[in-house]
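The values are calculated or read from the model by the stated rules, or taken from the named source; none is laboratory data. Computed from a predicted model, the values in this text were never measured in an experiment. Cβ: placed from backbone, ideal geometry, glycine included. Neighbour counts: every protein chain shown.
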Amino acid sequence: MIPVRHLRDINPFRPRLWIMRLTGVQRGMPLEGEAVDLLKQIASGRLGPPVLVYHWDADGLAAATTFMKFYGGDSEEVELRPPRFVRSFSFKELLEGAENRPVVVLDLTPRTWQLREALEVASKVVVVDHHYVDWEVPEGVTYINPAARGDLKGEWPSATWVLAEALGAHHPLLTAASIVGDLGRAALGNPVYARVMRESGLDPERDYWIPEEIAENLDSLHKACKYQGLQWYPRLLSYPTVDPAKGALEDVYLVQLRATVGFEMEELLERLRSSVEEPCEGVLAARIEGGLLARGSLSRELLSLAKARNPPGSFAVLAYRAKCDCCTVESIYARTWKIEERRRLEKVGEALKRLGLEPGGKIQRGNLVVAAEANGKLDEAYKAVVEALCSG
């Protein structure tokens, strides 16, 4: 458990004044400031109770919790509707029964067709994100994403941090957990992570285990396909009497769920390590299936194996079929830690598009990734990605 000396150091959530550095793509509104103003109007409750549509991982949950903490209206009226573990969801179906309300999308990368659907059923659509974007954002959508064209300095490591900068308020330790959830141990080299840890009164390296456990607790919900938990926890952690980071760290259900997921993850990791192949120099690849929605964690582990080689490998390619109680999801991931390999990773995205898939990803310092859902095309996608990387 967390040492008692640290509990006194964890800052409670409180509004803060930040220097706004909103230099990213905010299309759909004529001025950058107006995009942020619209987000704040929604968060104030003046435009009516919103619908939050958010990613199911630790960053998405932390962002939803941050928004709920900031919300100025009756938080019980806010609809929490994360997609059911797939990115190719329909806004018309997801927002059924909650039409004509403002929608805030957090840590997701809706494609053009999805955003057009959202515009048809929502009164306002605001997207807050930090992924790479190379598709059209329809007019009328407010898009706040300073990493849309890449984040080579690592200034926008999580959607929670982007939201914090826009709203001017956050819980530093919860933000740190959102960064660790996305970057893993690579967060130790990220300047924003170091900043928010120090704001929490914690040492970024010595106390890394604290945001790591918070992130793993939150991530256990989607790994185990606990959809109701994804809907419930942002509301629970945002109650006025709850410190969201401490709550996520010590919640009995989350701790027990993480332990259960942990046993299954160890088996998956062993299977991953025994399945590794090297189709060409510097590329480690694996094809496995399992009962957890753990594609991101597995692909990061595969990249760690590549980096640990002598000489270090450059790329990790994972084809993963998750067969869970709730669904079966097939995903393809390609990762690298070298910014100079960006062009080869772009070729991966082009290859996946030729298969009719919708790849997305990040171009961040130490974290370059292209990923796509590949249901029914996983073997084709794996072959295409390997060929794209091994052709030079």
Sort out which residues of the range 83-104 are over 23 Å from LEU163 (Cβ atoms), among the charged types (D, E, K, R) and in contact (Cβ under 8 Å) with a residue 12 or more places away in the chain, and write them in order of number. LYS92, GLU99
From the list LYS353, LYS307, pick out the single residue that is at pLDDT 95 or above and not assigned by TED's automatic domain parsing to the domain that holds ASN190. LYS353
Of the residues LYS338, LYS362, which single one is charged (D, E, K, R) and either closer than 23 Å to PHE85 by Cβ or touching a Phe, Trp or Tyr at 6+ places or on another chain (Cβ under 6 Å) (or both)? LYS362
When you go through LEU218, LEU284, LEU272 one by one, which is the residue that is in a helix (DSSP H, G or I), in contact with an Asp or Glu (Cβ under 8 Å, 6 or more places away or on another chain) and more than 27 Å from TYR54 (Cα to Cα)? LEU272
Kindly check whether there is at least one residue in the range 334-357 that is among the acidic types (Asp, Glu) and buried (at least 19 other Cβ atoms within 10 Å of the Cβ). no
Restricting the range 122-163 to residues that are out of contact with any strand residue (DSSP E or B) (no Cβ under 6 Å at 6 or more places or on another chain) and among the acidic types (Asp, Glu), the one surrounded by the most Cβ atoms within 10 Å (Cβ to Cβ) turns out to be GLU155
LYS307 in contact with a Gly (Cβ under 8 Å, 6 or more places away or on another chain), surrounded by fewer than 23 Cβ atoms within 10 Å (Cβ to Cβ), without any contact (Cβ under 8 Å) to a residue 40 or more places away in the chain and at negative phi: yes
Could you run through the range 103-128 and say how many residues are in contact with a Gly (Cβ under 9 Å, 6 or more places away or on another chain) and part of a loop (DSSP other than H, G, I, E, B)? 5
Could you check the range 334-346 and list, in sequence order, the residues that are at pLDDT 95 or above and either hydrophobic (A, V, I, L, M, F, W, C) or within 10 Å of VAL385 (Cβ to Cβ) (or both)? ALA334
Got a number for residues in the range 18-53 being touching a helix residue (DSSP H, G or I) at 6+ places or on another chain (Cβ under 6 Å), outside any helix (DSSP H, G or I) and modelled with pLDDT of 90 or more? 4
Keeping to the range 321-357, report how many residues are in a loop (DSSP other than H, G, I, E, B), closer than 23 Å to GLY290 by Cα and touching a strand residue (DSSP E or B) at 6+ places or on another chain (Cβ under 8 Å). 1
Please go through the range 69-88 and pick out each residue that is over 15 Å from the mean Cα position of the chain (by Cα), buried (at least 17 other Cβ atoms within 10 Å of the Cβ) and at pLDDT below 95. LYS69, PHE70, TYR71, SER75
Any residue at all in the range 303-317 that is assigned to a strand (DSSP E or B) and under 23 Å from HIS222 (Cβ atoms)? yes
